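One structure below.
The values are calculated or read from the model by the stated rules, or taken from the named source; none is laboratory data. Quick caveat, the model's predicted, so the values are computed rather than measured. Every residue, glycine as well, gets a Cβ built from its backbone with ideal geometry; the counts of neighbours run over all protein chains shown.
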Amino acid sequence: MDPMPSRAARAASLVLTVIFWITVVVGLLLVAHRLFGLLQDSGTLTLPASVSVDAVPLPERFEIAGPLPVNVDLVDPSVTQRVIATVPVLVPWALALVGLWLLRKVARSAAKGDPFQASNVTRLRWLGALFLLGVPLAAIVEGYFSDLLFSADVWTGGPLPPGGIGSGFQVVVSAPAIMAAVCLFALAEVFAYGARLREDVDATI
């Protein structure tokens with residue numbers, strides 16, 4: 001163990017701790033907003049969505065680049081509707097918390113001067129799996145519950161636009177997430193090699 005860990009390691013640990021707790025607070029506020037109408041009229045649930053605007057006339061040489069972002073107000077939502085609307089917020093929040101918690105643990109061990117340990121190897125591999133599998137899974141779950149909320153069996157907010165509400169139930173392949181996963185798996189192998197070297201050195205002392 002290094003008795004004098006670098007300032008960078010201590011600073012990284014502090015910054016990640018602050019970001020983690022900010023994420024906790026912001027996530028709780030967002031969940032409470034969807035579930036209980038916090039910071040909003042409790043009788044109205046405002047939801048972000050997108051609609052097709054293909055029928056909108058535009059000047060020559062102008063073209064529609066994609067769906068139009070809108071806010072949809074659902075008056076007097078039921079408990080079921082609030083729960084369904086909360087899932088698309090809850091899933092990415094939980095994913096971010098798990099990732100920050102693992103990263104924070106790695107940074108804290110580095111701040112204490114002991115980064116090359118088996119537990120950090122496991123944490124980095126879990127982080128890699130989180131980016132590789134968790135990100136697309138979260139996108140699928142988010143899209144499914146968004147579609148479910150605006151389905152005929154659940155939606156009670158009046159008629160929807162002719163093109164429907166775009167929410168996107170699809171498998172999302174994120175190149176940055178895949179690259180992050182590859183880098184984390186590679187970093188885990190570096191830490192595993194460092195941990196073995198440390199064990200060999202300790203065994204010779």
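Out of everything in segment 81-99 that is in contact with a Phe, Trp or Tyr (Cβ under 6 Å, 6 or more places away or on another chain) and of a type in the set (V, I, T), what residue ends up being surrounded by the most Cβ atoms within 10 Å (Cβ to Cβ)? Among those residues, the one meeting the criterion is I84.
Scanning segment 35-62 for residues that are within 20 Å of P161 (Cα to Cα) and acidic (D, E) yields a total of 1.
Could you say whether any residue in segment 46-68 is in contact (Cβ under 8 Å) with a residue 24 or more places away in the chain and touching a helix residue (DSSP H, G or I) at 6+ places or on another chain (Cβ under 7 Å)? Yes, segment 46-68 has at least one match. Taking the criterion of being assigned to a helix (DSSP H, G or I) and farther than 30 Å from L130 by Cα, would at least one residue in segment 69-81 satisfy it? The answer is yes, given that some residue of segment 69-81 is assigned to a helix (DSSP H, G or I) and farther than 30 Å from L130 by Cα. Restricting segment 110-125 to residues that are crowded, with 17+ Cβ neighbours inside 10 Å and hydrophobic (A, V, I, L, M, F, W, C), the residue that is farthest from A49 (Cα to Cα) is F116. In segment 46-87, what residues are out of contact with any Asp or Glu (no Cβ under 7 Å at 6 or more places or on another chain) and among the hydroxyl-bearing types (S, T, Y)? Scanning segment 46-87 gives S50, S52, S78, T80, T86. Looking only at segment 16-36, decide whether some residue is loosely packed, with under 13 Cβ neighbours inside 10 Å and touching a Ser or Thr at 6+ places or on another chain (Cβ under 8 Å). Within segment 16-36, one or more residues are loosely packed, with under 13 Cβ neighbours inside 10 Å and touching a Ser or Thr at 6+ places or on another chain (Cβ under 8 Å).
Condition first: among the hydrophobic types (A, V, I, L, M, F, W, C) and modelled with pLDDT under 75. Now tell me which residues in segment 55-67 satisfy that. Result: A55, V56, L58, I64, A65.
Number of residues in segment 12-53 that are at pLDDT below 90 and part of a helix (DSSP H, G or I): the value is 6.
A107: assigned to a helix (DSSP H, G or I) and either at positive phi or surrounded by fewer than 17 Cβ atoms within 10 Å (Cβ to Cβ) (or both), yes or no? Taking the combined requirement at face value, the residue does not satisfy it.
For segment 6-27, the criterion of being touching a helix residue (DSSP H, G or I) at 6+ places or on another chain (Cβ under 9 Å) and at positive phi is met by none of the residues.
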